[in-house]
Amino acid sequence: MPGVYAGFIHGFLFGDIFEKGLTIKTGQTHVQHYMPELLTSIEDGWLRPEAIITHRLPLDQAAEGYRIFNEKRENCRKVVLTT
């Protein structure tokens, strides 16, 4: 990513990456490809998503759920909306 970065980008000094010569790789996860295996792992008890779910709210309270998460209130890590 060419350019001159002076200041914060997404909460950290992006220029520090350049100064330290770090390499960062990113990409999208192929969610649909992995979904069947992940759901089976949850059903079998191997994965426990409740370890990160901190809030469960009805769908009509979605805006409040986003607010809690965005403002980092109530130690919020993950909000699950239910119908």
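The values are calculated or read from the model by the stated rules, or taken from the named source; none is laboratory data. Because the structure is a prediction, the values reported are computed rather than measured. Using ideal geometry, Cβ is built from the backbone for each residue, glycine included, and neighbour counts are taken over all protein chains shown. Surface accessibility is based on the protein's heavy atoms, side chains included, excluding ligands, DNA and RNA. Shrake-Rupley method; radii C 1.70, N 1.55, O 1.52, S 1.80 Å.
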Legend entry - the stretch 13-50 - residue that is part of a loop (DSSP other than H, G, I, E, B) and in contact with a Ser or Thr (Cβ under 9 Å, 6 or more places away or on another chain) and, of those, modelled with the highest pLDDT: 46
Inset, instruction - List every residue pair whose Cβ atoms sit under 6 Å apart, with the two residues 6 or more apart in sequence or on different chains, where the first one lies in the stretch 28-56 and is polar (S, T, N, Q) and the second, anywhere, is open to solvent by 100 Å² or more (accessible area, probe 1.4 Å). - result: 54/77
Legend entry - Top-ranked residue of the stretch 51-83 - restricted to ones that are open to solvent by 60 Å² or more (accessible area, probe 1.4 Å), more than 23 Å from residue 11 (Cα to Cα) and under 17 Å from the mean Cα position of the chain (by Cα), ranked as modelled with the lowest pLDDT: 51
